[in-house]
1. What about residue A:374, is it surrounded by fewer than 22 Cβ atoms within 10 Å (Cβ to Cβ), within 25 Å of residue B:66 (Cα to Cα) and touching a helix residue (DSSP H, G or I) at 6+ places or on another chain (Cβ under 8 Å)?
2. Mind listing whichever residues of the range A:17-39 are under 12 Å from residue A:60 (Cβ atoms) and in contact (Cβ under 8 Å) with a residue 60 or more places away in the chain?
3. Residues that are in a helix (DSSP H, G or I), without any contact (Cβ under 8 Å) to a residue 40 or more places away in the chain, under 12 Å from residue A:9 (Cα atoms) and of a type outside the set (Ser, Thr, Tyr): does the range A:47-57 have at least one?
4. Specify the residue that is surrounded by the fewest Cβ atoms within 10 Å (Cβ to Cβ); the eligible residues are those in the range A:420-441 that are modelled with pLDDT of 90 or more and of a type in the set (S, T, N, Q).
5. For the range A:401-419, give me each residue that is crowded, with 18+ Cβ neighbours inside 10 Å and either of a type in the set (D, E, K, R) or not in a helix (DSSP H, G or I) (or both).
6. On the basis of being within 60 Å of the chain's Cα centre (by Cα), among the aliphatic types (A, V, I, L, M) and within 14 Å of another protein chain (Cβ to nearest Cβ), does residue A:370 make the cut?
7. Starting from the range B:117-139, take each residue that is more than 7 Å from chain A (Cβ to nearest Cβ) and list its partners that are in a loop (DSSP other than H, G, I, E, B) and of a type in the set (A, V, I, L, M), counting only C-beta distances under 7 angstrom and pairs at least six apart or across chains.
8. Can you say whether residue B:58 is modelled with pLDDT under 85, buried (at least 16 other Cβ atoms within 10 Å of the Cβ), small (Gly, Ala, Ser) and over 27 Å from residue A:370 (Cβ atoms), as far as the supplied structure shows?
Amino acid sequence: MKAQFDEFTRRATALLNEPGILEKRPAWQIVKAGAISLAPVAENAVTSLEPEIALIFLLASTFTGAKRDSLLKSLFGAAMTRLPSDNFIRLMSKFSQAELKDNLLPFVYESGPRGSVACFVAARLKVTLATEAFQYFLSARAWSPTDLMNLSLLVKPEEASALCSHLEKFVPANGSKVLRDNINEFRYAVQNHLAHEPMLPEIADGETSPPPSAPARAGEPMRPPQPAPVTAKPLAPISQSTPSVSAPIQTNRAETAAKPNLSQKIPEALPTEVPAEKSEGPGRPAQSQHQSQAQAKPKSDSLDVALHIPESIRRLLLPVGLTMLFLTLGIIYSTWYFSDPEVMTSTTPATAGRAPSQWVDAVSQRPVTAKYLAADKDFRMGELFLTRDKFAEALKLFEDALAVEPAHLQALVRSGYCRMQLGDNKKAAKIFRRALSADSGLSSVNLYLARIHLAANDNAAAEKHFRAEFKLSADLTSGMELANFLNRAGKQNEAMELIAELQEKHPGKMLVLAPTGSENKPERGGDQP
Amino acid sequence: MMRRGLSLSEIIIALAIAVMVMVPVTSMFSTSGQQVQKSRNFSFAAGLARRISQHLMAMPFENIVEVPLPGQALHDSPDDVFFNPIVNFSTSQSGVKKITASDMPALYDFLVQNDFKYALSVSNVSFGAGDEIKSISILITWKEAGRNMIYRTHVYVSSV
């Protein structure tokens with residue numbers, strides 16, 4: 001029989017050393033044949049073979065039902081007394097969830113190393129339990145903080161809150177304090193998602209096998225089973241480390257952080273297929289993995305504490321941050337905008353040698369063209385002649401200005417005025433109407449038109465323009481002209497009212513209506529305003 | 001421990017609030033900055049035009065001549081003791097310093113940056129018997145926010 005076992009061990013080892021998917025490796029069929037030959041002595045094989053070889057035997061065998069369950073229980077019972085190897089856990093993932101639940105989870109009830117290891121392996125294999133099951137597990141034994149963390153990983157995430165509510169009702173009022181603390185700590189762990197990865201259980205010296213290592217690269221052969229080495233640093237047996245279930249969970253977390261070598265990070269997901277393991281020396285020291293975790297675990301814990309920012313403040317961080325960013329940019333921009341021109345070196349003139357065709361008047365904000373400026377030169381000269389009552393010379397210059405820029409309204413009005421002074425009222429009236437059509441707000445134009453109409457004895461039109469001018473400018477000159485016109489037109493009352501109104505506005509002046517008669521009638525349309 | 005992140009709607013609302021706050025703030029910065037710059041340029045142009053008009057009153061009548069557009073750049077005006085709108089040696093002790101990049105870099109760069117120029121549009125009218133009047137339009141031009149600006153004022157100088 002021993003020869004059979006040795007032969008099967010040799011075949012299984014060869015299988016493990018081959019790369020690829022387990023069932024498609026060349027040695028698989030040979031192993032299957034060997035498993036069939038060992039079937040009559042299956043119970044002995046499971047207990048005598050190395051755990052990984054025994055697991056391959058069960059995978060390759062054709063047992064079903066109660067027989068298979070019995071063999072699995074027997075194998076798991078033997079294997080869970082110490083921390084199984086990574087290969088063993090990977091091979092376990094080949095079994096269905098139902099098989100794992102039926103044959104692995106019963107060991108979780110056990111106190112001692114086997115319960116802790118079973119809980120860790122179940123968490124590692126992502127076995128999940130029904131909500132109602134946890135109360136039985138929790139009340140079955142005392143739980144170390146590590147085991148509670150691993151147990152919390154067996155909770156389906158979507159059922160976490162329901163489980164917490166369920167356990168809240170389950171907490172026995174008169175039960176033991178240990179049980180209450182177990183449940184409360186477990187609820188806290190589940191509610192706050194404290195556990196992210198399975199944590200290595202605390203087991204006594206001599207009860208460890210090679211600790212699970214990082215998943216090997218695909219294609220590399222799996223490592224054959226090795227004897228369990230003793231860790232360099234002795235670990236406290238679980239029976240001695242009485243779970244401090246009465247202490248607050250924060251204390252337990254702090255203990256975990258303070259004793260990082262007692263826990264170890266495990267790769268998050270197990271590969272679907274069994275990859276071959278990198279062949280390195282037997283028993284890569286667990287110490288190195290413990291050390292690497294010792295560096296990682298306290299860091300994450302301390303970050304958890306240090307970055308515990310309230311949700312309300314964290315929500316404000318983005319808008320406040322953006323506001324600060326924009327403000328900073330605004331300040332930088334404005335600093336640059338108002339910076340001393342001294343710092344702006346190597347500036348060059350924008351234009352050189354050529355005048356632009358248009359400017360914006362800094363006072364009126366209206367466009368000023370080069371043509372307008374040229375016309376304005378003639379207009380200014382015409383104004384000089386006007387000061388000496390040289391209307392003919394002035395008219396020529398105003399018309400020159402209009403020839404350059406017909407839109408020069410001041411030149412247009414002045415040309416009309418010159419024509420009026422020169423007795424050409426008809427043409428003057430035409431020019432004034434043109435000016436009003438261009439800009440109805442031009443001052444004095446209505447007054448000139450009124451005088452022209454008055455000279456032509458067209459009182460209605462004259463009154464209309466007198467009133468329009470007074471409405472537009474509302475000054476003393478236009479008011480007096482309107483009042484005198486009304487007085488001459490027989491509207492003395494209205495004229496007196498207007499005079500009184502003007503007198504009230506100009507108390508420093510003595511305002512008197514001109515006597516009616518032809519002696520006051522302007523001969524040439526009136527004086528220059 | 002799982003932490004809830006910011007949802008898309010929260011980020012959008014936060015961005016909207018930030019934009020609503022920052023748009024007026026930035027436009028306020030921009031508008032006020034432009035107003036300050038406009039006011040500074042206008043004041044400089046008006047002051048310069050007044051200085052030129054005063055100088056025209058004081059200088060010999062026959063020496064008042066046309067300075068056609070686009071005008072004379074202030075930062076590069078000729079070193080003329082007789083007429084220089086900034087360096088006025090003949091009538092005032094103020095502004096005796098020539099504007100050079102090395103001696104007055106701040107003012108020099110200000111003039112260069114805004115391309116300040118002056119032009120004189122002179123119209124000479126003779127009424128006979130030595131009675132002459134010059135109508136002078138003083139034109140100050142500069143560049144402001146990409147626009148060509150002009151400030152105009154007029155002065156009449158008599159030969160008598």
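1. On the way: surrounded by fewer than 22 Cβ atoms within 10 Å (Cβ to Cβ): yes; within 25 Å of residue B:66 (Cα to Cα): yes; touching a helix residue (DSSP H, G or I) at 6+ places or on another chain (Cβ under 8 Å): yes.
Yes: the conditions hold for residue A:374.
2. Matches in the range A:17-39: A:22 only.
3. yes
4. Going through the qualifying residues, I end up with A:437.
5. A:405, A:408, A:414, A:419
6. It is true that residue A:370 is within 60 Å of the chain's Cα centre (by Cα), among the aliphatic types (A, V, I, L, M) and within 14 Å of another protein chain (Cβ to nearest Cβ).
7. Going by the 7 Å Cβ cut-off, the qualifying pairs are B:122/B:64; B:122/B:65; B:131/B:160; B:134/B:64; B:136/B:64.
8. So residue B:58 fails the test.
The values are calculated or read from the model by the stated rules, or taken from the named source; none is laboratory data. Just so it is clear, the model here is predicted, and its values are computed rather than measured. Neighbour counts are summed over all protein chains in view; Cβ atoms, including those assigned to glycine, are modelled from backbone coordinates with ideal geometry.
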